[in-house]
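The structure appears below as structure tokens.
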Amino acid sequence: VATDGAWHSVALTAQRGTARLRHVAVPREQADVFRVAEVTNPFDGPLLPGPIDVYDRGQFLVTSHADFTPPGGHVEIGLGVAPQVKIARNAELHEEAAGVLRGALRLHHAITVEIENVSPRAVEVEVRERIPVAREGDDDIEVTLGRVEPAWEAWAPEPDAPGTPRLRGGHRWRVTVAPAAKQLLRATYDVKIPSRTELVGGNRREP
């Protein structure tokens, strides 16, 4: 085949598959909501790791990365920021004396997360949070989870590499936000420490 000095894409095969779109946010770290597509591998062989171009109705969206995926397996593909889903997080801290002889300090934290969906369709949003975890054997520090609305679930992602410690204290909400609607998420927790001590980095644990 004679060359013309330009790049060309040659389709080797094609197969229809299914994709489930959801949204993921970690508002404690970043005030953005990201779209993620969970795609089922429709081929008889594996999908090899490498770059992948994503199109929506023929319109280019983004170049992402696909991991090794066995036949029938699922691969998550990041689609970038979802501009039609807004998220805002606020945290409050209140300190008070505790204990029989008021020899302890209770640090009460209240987290509020507001999701706003300005799109014309309902969206599934996964909001990830993390609360402090006391070290094993340290009886002087006590962390107590309070009221959570709506209910969330414990969440511990797979480590990025062998030997990497697992995330502790991770939780996530999974909610569906109606079109042009808002959803409010709330969680509280207390950290109890001796009154004459202070947590490393300050008693305020939330930005």
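The values are calculated or read from the model by the stated rules, or taken from the named source; none is laboratory data. Everything numeric in this text was worked out from a predicted model, so none of it was measured. Positions of Cβ are generated from backbone atoms using ideal geometry, with glycine treated the same way; all protein chains shown enter the neighbour counts. Please note that ligands, DNA and RNA were not included when accessible areas were found on the heavy atoms of the full protein model with its side chains. Shrake-Rupley method; radii C 1.70, N 1.55, O 1.52, S 1.80 Å.
Some observations on this one:
- Residue 42 touching a Gly at 6+ places or on another chain (Cβ under 6 Å) and not in a strand (DSSP E or B): yes
- Among residues of region 128-154, those that are small (Gly, Ala, Ser), open to solvent by less than 80 Å² (accessible area, probe 1.4 Å) and under 28 Å from residue 88 (Cα atoms), counted: 2
- Region 10-31 - residue that is open to solvent by less than 50 Å² (accessible area, probe 1.4 Å) and either under 19 Å from residue 66 (Cβ atoms) or of a type in the set (D, E, K, R) (or both) and, of those, modelled with the highest pLDDT: 24
- Pick from region 38-84, criterion acidic (Asp, Glu) and under 13 Å from residue 21 (Cα atoms), ranking: surrounded by the fewest Cβ atoms within 10 Å (Cβ to Cβ): 56
- Test for residue 52: is it outside any loop (DSSP other than H, G, I, E, B) and within 25 Å of residue 122 (Cα to Cα): no
- Residue match in region 83-91 (condition: at pLDDT 90 or above and not in a strand (DSSP E or B)): yes
- Conditions (1) charged (D, E, K, R); (2) under 23 Å from residue 26 (Cβ atoms); (3) touching a residue at least 60 places away in the same chain (Cβ under 8 Å); number of the one not met by residue 76: (3)
Residues are listed down the side, and each one gets a yes or a no for (1) open to solvent by less than 60 Å² (accessible area, probe 1.4 Å); (2) at pLDDT 90 or above:
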site: 168; (1), (2): no, no
site: 172; (1), (2): yes, yes
site: 180; (1), (2): no, yes
site: 191; (1), (2): yes, no
